Every structure is written in C-alpha cells, then in structure tokens.
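Trainee: Here's a structure for you.
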Amino acid sequence: MASGAIIVTGGGRGIGAATSLKLAQAGYSVAVNYAADEAAAQATVAAIQARGGRARALRADVADAAAVERMFDDADRALGPLAGLVNNAAMIGRAARIDEQESGDLARLFAVNVIGTILCAKEAVRRLSTSHGGRGGSIVNISSVAARLGGLAGNVPYAATKGAIETFTRGLATEVAREGVRVNAVAPGMTATDMASEEMRAAALPGIPLGRVGAAEDIAEGVVWLMSPAAAYATGTVLTISGGR
C-alpha cells in the first residue's frame, strides 16, 4: 500500500472527488481542497473515512498565495509528510467568443487555472524536493484535450490555460527531475462532471471514437497510476484519457 499525504485541489467534486477516493483506496491520506463548496468536500472526506481512509477538508482559493501556503501547512499538521499533489482545481470561464470576452473574467480564469497550479506546485516542491530536505514525490496536473484541440466554441481561453498547464508540466519536470520529484499531467476528454453542460457533452460526443463521454473515475485511474511507484520512469509526460478524441 502507498503511504504519505496527497493534496487534491478542487477535490470535492467531479474528477477531484473521484481521484481523492481512489488515492485513499491506494493507501494515501488525502487533503481534499475546496474554495467554496465545503459540503461537497466534507462529503468526499466522509466517503473516504467510511472506507477506513484518512482525509481532511481544507479550504483555500488556489489563486491566493497566502491561502495556498496555509493549506499546505495545515495538511502537514493534519496528515503528515506530503507525498504528492494533484492540481485539479479549475474553472471553465465565461463561454463567449474572444471578441466578447471581458478582461476581468479572463484574469480570474488564468489566476485559478494557471497561477493557482503554479502556486500549489511551488509549495509542493518546497516540501518534496530533496534540495529542500524532502523525500521526493509526484505532482500530477490536470490538463485537457482542449490544449491541443483549441476548445469548444466559446471556450478558447479555457483551452489556452490548459496549453499553459502542459508547458508548465514539461518545464517543471525538467527543473526538479534530479530532486526526486516527478511531474506529469493527465489530459481528459469530455467528462461527465458539473463543469461540462449537457450541451457541451452533446457537441463533443460525435467526435469521440469510443462513443461515450468519460466518467470521472476513468480520469482518476490515470492520475493514481502517475502518482504511484508503477510510474517511476514517467515524468514530463501528458497522459491523454479521452476515448480516442
């Protein structure tokens, strides 16, 4: 069984919740991060505890550097030494053509999806890297096939944030590879979560060779594998789980 604590940002719902549950089943203690929906995060924690696992719900807006640092410190105290991070927290943003986007909406989108990912990775590296006295570990960033497909109509800015995540993943992996830290990403295709409306799912479905929208558990399996010792030689890679899209 695995050991150590994993922080899952946006861990209360969708892919984050499914990943939190599977990581707990694998033997990790899980810090279930949330920004606003405490009830969902606590429900995920309760589900983990009901199966004999250890978990704690921790609030932090990932775009807030001070809140992120506090969250990592709280996870250390509550669950013990960090073993890894799943950067899952994200927002889809306002659905609109580029010529109809507002700067404030774009700033918040990039603050959460990109800067939030970098801030959380910063705190993880400070704890995991052997250059900081850590024991090594794994970071898994959640991207999207939108990074290479450009996104559905009205979601180009979201796709751009995911392109940034994949660039960051490759760059950080190189930066910390000799310090015991592996950094990878998972790029889901269209997945049945609250983030994807019925209209979005219907628009994507004809282009999915397997003929179905993904389940959150499908994506979580890939995250858990990348986090595990079974993926010890994988770093700087993007695992696509998209039904062939």
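The values are calculated or read from the model by the stated rules, or taken from the named source; none is laboratory data. Just so it is clear, the model here is predicted, and its values are computed rather than measured. Positions of Cβ are generated from backbone atoms using ideal geometry, with glycine treated the same way; all protein chains shown enter the neighbour counts.
Trainee: Can you name every residue in the stretch 122-153 that is over 23 Å from residue 222 (Cβ atoms) and modelled with pLDDT of 95 or more?
Mentor: 122, 123, 126, 127, 129, 130, 131, 132, 133, 134, 135
Trainee: Hey, residue 209 hits all of (1) in contact with a Gly (Cβ under 8 Å, 6 or more places away or on another chain); (2) in a loop (DSSP other than H, G, I, E, B); (3) crowded, with 18+ Cβ neighbours inside 10 Å but one; which does it fall short on?
Mentor: For residue 209, the exception is condition (3).
Trainee: Here's something else I'd like to know. So which residues in the stretch 212-227 are out of contact with any Lys or Arg (no Cβ under 7 Å at 6 or more places or on another chain) and either over 30 Å from residue 28 (Cβ atoms) or crowded, with 19+ Cβ neighbours inside 10 Å (or both), if there are any at all?
Mentor: Listed by number, the residues that qualify are 214, 216, 218, 219, 222, 223, 226, 227.
Trainee: Kindly evaluate residue 209 against the criterion of being closer than 17 Å to residue 90 by Cα and either touching a residue at least 60 places away in the same chain (Cβ under 8 Å) or over 14 Å from the mean Cα position of the chain (by Cα) (or both).
Mentor: Answer is no for this residue.
Trainee: Right, here's the next one. Identify the residue in the stretch 101-118 that is more than 11 Å from residue 161 (Cβ to Cβ) and small (Gly, Ala, Ser) and, among all such residues, is surrounded by the most Cβ atoms within 10 Å (Cβ to Cβ).
Mentor: My answer is 107.
Trainee: Further question: Within the stretch 148-164, does at least one residue satisfy the condition of being over 14 Å from the mean Cα position of the chain (by Cα), of a type in the set (Ser, Thr, Tyr) and within 23 Å of residue 19 (Cα to Cα)?
Mentor: So far as the stretch 148-164 goes, yes, one or more of its residues are over 14 Å from the mean Cα position of the chain (by Cα), of a type in the set (Ser, Thr, Tyr) and within 23 Å of residue 19 (Cα to Cα).
Trainee: Something else about it: Quick test for you: out of 193, 167, pick the one residue that is β-branched (Val, Ile, Thr) and modelled with pLDDT under 95.
Mentor: None of the other options fit; the residue is 193.
Trainee: Pick out the one residue from 75, 35, 5, 47 that is without any contact (Cβ under 8 Å) to a residue 40 or more places away in the chain, within 25 Å of residue 217 (Cβ to Cβ) and either surrounded by 15 or more Cβ atoms within 10 Å (Cβ to Cβ) or within 15 Å of the chain's Cα centre (by Cα) (or both).
Mentor: 47
Trainee: Considering each of 187, 204, 147 in turn, give the residue that is more than 25 Å from residue 118 (Cβ to Cβ), in contact (Cβ under 8 Å) with a residue 40 or more places away in the chain and among the hydrophobic types (A, V, I, L, M, F, W, C).
Mentor: Answer to the check: 204.
Trainee: Please give the number of the condition residue 98 fails out of (1) hydrophobic (A, V, I, L, M, F, W, C); (2) at pLDDT 95 or above; (3) buried (at least 18 other Cβ atoms within 10 Å of the Cβ).
Mentor: Status for residue 98: all satisfied but (3).
Trainee: List the number of the failed condition for residue 182; all other conditions in (1) in a helix (DSSP H, G or I); (2) within 25 Å of residue 221 (Cβ to Cβ); (3) of a type outside the set (Gly, Ala, Ser) hold.
Mentor: With respect to (1) in a helix (DSSP H, G or I); (2) within 25 Å of residue 221 (Cβ to Cβ); (3) of a type outside the set (Gly, Ala, Ser), residue 182 is out only on (1).
Trainee: Follow-up question, since we're still on this one. For the stretch 119-143, enumerate the residues that are assigned to a helix (DSSP H, G or I) and crowded, with 17+ Cβ neighbours inside 10 Å.
Mentor: Of everything in the stretch 119-143, those that are assigned to a helix (DSSP H, G or I) and crowded, with 17+ Cβ neighbours inside 10 Å turn out to be 119, 120, 121, 123, 124, 125, 127, 128.
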